[in-house]
Amino acid sequence: MSGAHAPAAPRRVPRRRVDGVLLLDKPSGLTSNAALQRAKRCFRAEKAGHTGTLDPLASGLLPLCFGDATKFAQSLLDARKEYVATLRFGIATSTGDAEGETIARLPAEFSRADLDAALPRFVGRIRQVPPRHAALKHEGRAYYDYARAGVEIPRAARTVEVGAIEVMAFALPTVTLRIECGKGTYIRVLAEDLGAALGTCAHLTALRRTGSGAFRLDDAVTLAALEALTPDARDACLLPVDSLLASMPRLDVDTDAARSLLQGREVAATVEVPGRYRCYEAARFLGVVDVSEGVARPLRMARHE
């Protein structure tokens, strides 16, 4: 028998329960999932998810949900977002952003007044045709799979909502815009459509998310800073689970009602207005309940042991 020893298996880092929300400032060049996995390793967390993908090109606010917070992430997926977008006019690319190949060049000869006149038609409820390179599905496959294979598929226009567009810098061929928009809005499509409206073409060269719901980029931490912190300092960066629901009305219940709700039973409501409420017993967050006809029914409850 040989005296050689097999290499030791890498030591498995024990995971732990972590509940809370981390406001991460994602760097450009990293996928949202890669950023999530790095943060998850930092916390040694059992469970984590993000609240709306940022393309690798994009940077900025990426709220990450750990543990129980993943149950309530939908509220942030549906929330309004705010971006700072840099557009390059006069060049169109195959992907609508700086990662694609140049497919067209046109003169970009419009004034600031022309831009100001064009912008209002892109505010409010507008129609957008999703880009070829998108994660949307057609017959079970992502749009970008078809695009990479050179296969054209039907892409139906969708209604999205843009709350505001503000010009932050105008120095042709580059324009910087602040854009507030709802779920499902493609900023690179907005760039392409705005270029067409101004008699030229355009693509997105940079995108930074500065807001998501009530959360702001100013309160976010970078991956590098997070990885340099001590474990206790890292944990101190986490916001409570119910921070995801700050815009939802509050319902307080007593100890008996709290016990019933956590066991999946409905209780008498102490409010008359129907709708969804974030529910508490004193300072303890219980979850989300649905109130109708004088009854509060547990909808999605936090874990209590």
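The values are calculated or read from the model by the stated rules, or taken from the named source; none is laboratory data. Owing to the predicted nature of the structure, the values given are computational and were not obtained by experimental measurement. Heads up, the Cβs are rebuilt from the backbone with ideal geometry, glycines too, and the neighbour counts pull from every protein chain shown. Ligands, DNA and RNA are excluded from the accessible area calculation, which covers all protein heavy atoms including side chains. Shrake-Rupley method; radii C 1.70, N 1.55, O 1.52, S 1.80 Å.
By accessible area, using a 1.4 Å probe on protein heavy atoms only, the range 150-244 has 54% of its surface on carbon and sulfur.
Which of GLY184, GLY150, GLY264 ends up with the largest GNM mean-square fluctuation for the chain, with Cα atoms connected below 10 Å? With Cα springs under 10 Å in the chain, the top fluctuation among GLY184, GLY150, GLY264 is at GLY150. Under 5 Å from the amide H of LEU24 lie the amide H atoms of LEU62, LEU64, VAL221, each residue being 5 or more positions distant or on a separate chain, with H modelled from the backbone and absent for Pro and chain starts.
Taking only Cα atoms and a 10 Å spring cutoff, compute GNM fluctuations for the chain and point out the largest among GLY182, GLY213, GLY29. Taking springs between Cα atoms under 10 Å, the residue moving most is GLY29. Taking Lys and Arg as +1 and Asp and Glu as -1, the other residues whose beta-carbon sits under 9 Å from that of ARG44 total +3. Phi-derived couplings, Karplus 6.51 cos²θ - 1.76 cosθ + 1.60 at θ = phi - 60°, listed residue by residue for the range 13-25: 6, x, 8, 9, 6, 10, 10, x, 10, 10, 8, 9, 9 Hz, with x used for Gly and Pro.
Net charge near VAL295: determine it from the other residues with C-beta under 14 Å of the C-beta of VAL295, scoring Lys and Arg +1 and Asp and Glu -1. Walk me through the intermediate numbers first.
Details: positive: ARG265, ARG276, ARG297; negative: GLU266, GLU272, ASP290, GLU293.
Neighbourhood net charge equals -1.
Classify the range 218-305 from the C-alpha gyration tensor, please: rounded if a/c falls under 1.5, else prolate or oblate depending on whether a/b exceeds b/c. In terms of gyration-tensor shape, prolate.
Karplus-derived 3J(HN,Hα) values for the range 173-188, using 6.51 cos²θ - 1.76 cosθ + 1.60 with θ = phi - 60°, are x, 10, 9, 10, 10, 9, 10, 10, 8, x, 4, x, 7, 9, 5, 5 Hz; glycine and proline are entered as x. In the context of the full set of protein chains, residues of the range 156-254 present 45 Å² of accessible surface per residue (probe radius 1.4 Å, heavy atoms only). Computed over the chain with a Gaussian network model linking Cα atoms closer than 10 Å, the most mobile of ALA171, ALA35, ALA191 is ALA171.
Can you give the relative contact order of the chain as a percent, counting alpha carbon pairs under 8 Å and 6+ residues apart? That works out to 21 percent. Heavy-atom accessible area, probed at 1.4 angstrom with all protein chains present, ranks LEU204, LEU172 as LEU172, LEU204, highest first. Packing, taken as the mean count of other beta carbons within 10 Å per residue, orders the peptides 44-52, 232-240 from highest to lowest as 44-52, 232-240. Let me make sure I get this right: for the chain, a, b and c are the square roots of the gyration tensor eigenvalues over alpha carbons, sorted descending. Under 1.5 in a/c it's rounded, otherwise prolate if a/b > b/c, else oblate. Which is it? Oblate.
Going by a ≥ b ≥ c, the root eigenvalues of the Cα gyration tensor, does the range 255-305 fall in the rounded group (a/c under 1.5), the prolate group (a/b larger than b/c) or the oblate group? Prolate shape, in that a/c is at least 1.5 and a/b is the bigger ratio. The string of couplings for the range 37-54 from the Karplus curve (6.51, -1.76, 1.60, θ = phi - 60°) is 5, 5, 5, 4, 5, 4, 8, 6, 7, 6, 9, 7, x, 9, 10, x, 5, 9 Hz, one whole number per residue in order, with x for Gly and Pro.
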